[in-house]
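Everything on this sheet refers to the single structure shown next.
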Amino acid sequence: MARKSDLKATLKLVKPKQVKFWHDEQGRFCARIEGGGEFVNVKPIRNFPIQARDRLISLLDEKGNEIAILTTVHGLDLQSREALEEELEKRYFVPVIQAIHHIEGRFGITRWFVTTNKGERVFDVRERSDVRYYPGRRVVIRDADGNLYEIPDYAQLDLHSRALLEEAT
């Protein structure tokens, strides 16, 4: 059985204080990892994009090889945190639903008419299981094209939106 220290070494876990992130003059995302070197064109990937958005972020090199896994974003210096958040925002575009105006169904598919923090959207949801509830009253909706939409706290929606959400699920 592998020891805990062996597992950590295999996973290449790094703490926030061991990493610096920035964008270079060409706009490439770069990382410096204590004891590991400096890397250009780094791709940050959330290992658990829904349940743990700010923890266990894989850092991949240009060839897709894992350089390290950042344990948490909490504790990064401000410049590094802003650079990482900007890069993750590009990769994980998840509009936040602020209001649900109307939901209509045909042949088992529902069409949602919503307002998000990115503007008005209309999207189709194939199955009820594509609307998932998480602890803290969080809801994540996957549309027919695989895009995600988030409701951070459904209790914060207006009464009409909450009623439509309950009907749809």
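The values are calculated or read from the model by the stated rules, or taken from the named source; none is laboratory data. On a predicted model such as this, the values are computed, not experimentally measured, just so you know. Here the Cβ positions follow ideal geometry from the backbone for every residue, glycine too, while neighbour counts run over all protein chains shown. Ligands, DNA and RNA are excluded from the accessible area calculation, which covers all protein heavy atoms including side chains. Shrake-Rupley method; radii C 1.70, N 1.55, O 1.52, S 1.80 Å.
General observations
- Selection over the range 94-136 of residues that are more than 21 Å from residue 163 (Cβ to Cβ) and of a type in the set (A, V, I, L, M) gives a count of 1.
- Applying the criterion of at least 1 residues that are farther than 24 Å from residue 51 by Cα and not small (Gly, Ala, Ser) to the strands (runs of 3 or more DSSP E) found wholly in the range 86-143 leaves 97-106, 109-116, 119-125.
- The single residue among 143, 124 that is of a type outside the set (A, V, I, L, M, F, W, C) and crowded, with 16+ Cβ neighbours inside 10 Å turns out to be 143.
- Taking the numbered list (1) under 22 Å from residue 146 (Cα atoms); (2) surrounded by fewer than 14 Cβ atoms within 10 Å (Cβ to Cβ); (3) without any contact (Cβ under 8 Å) to a residue 60 or more places away in the chain in turn, residue 35 passes all entries but (1).
- Looking across the range 89-142, the residues that are at pLDDT 90 or above and among the aromatic types (Phe, Trp, Tyr) come down to 112, 113, 123, 133.
- Residue 89 fulfils the conditions (1) surrounded by fewer than 16 Cβ atoms within 10 Å (Cβ to Cβ); (2) more than 20 Å from the chain's Cα centre (by Cα) except for a single criterion, (2).
- Here 51, 98, 79 are screened, and the one residue that is touching a residue at least 12 places away in the same chain (Cβ under 8 Å), open to solvent by 80 Å² or more (accessible area, probe 1.4 Å) and under 15 Å from the mean Cα position of the chain (by Cα) is 51.
- So residue 69, is it modelled with pLDDT under 95, part of a strand (DSSP E or B) and over 30 Å from residue 162 (Cβ atoms): no
- Test: residue in the range 149-166 that is open to solvent by 90 Å² or more (accessible area, probe 1.4 Å) and of a type in the set (A, V, I, L, M): yes
- Single residue of 103, 109 found to be of a type in the set (A, V, I, L, M, F, W, C) and surrounded by fewer than 14 Cβ atoms within 10 Å (Cβ to Cβ): 109
- All positions within the range 1-32 that are among the basic types (Lys, Arg), modelled with pLDDT of 90 or more and surrounded by fewer than 12 Cβ atoms within 10 Å (Cβ to Cβ): 17
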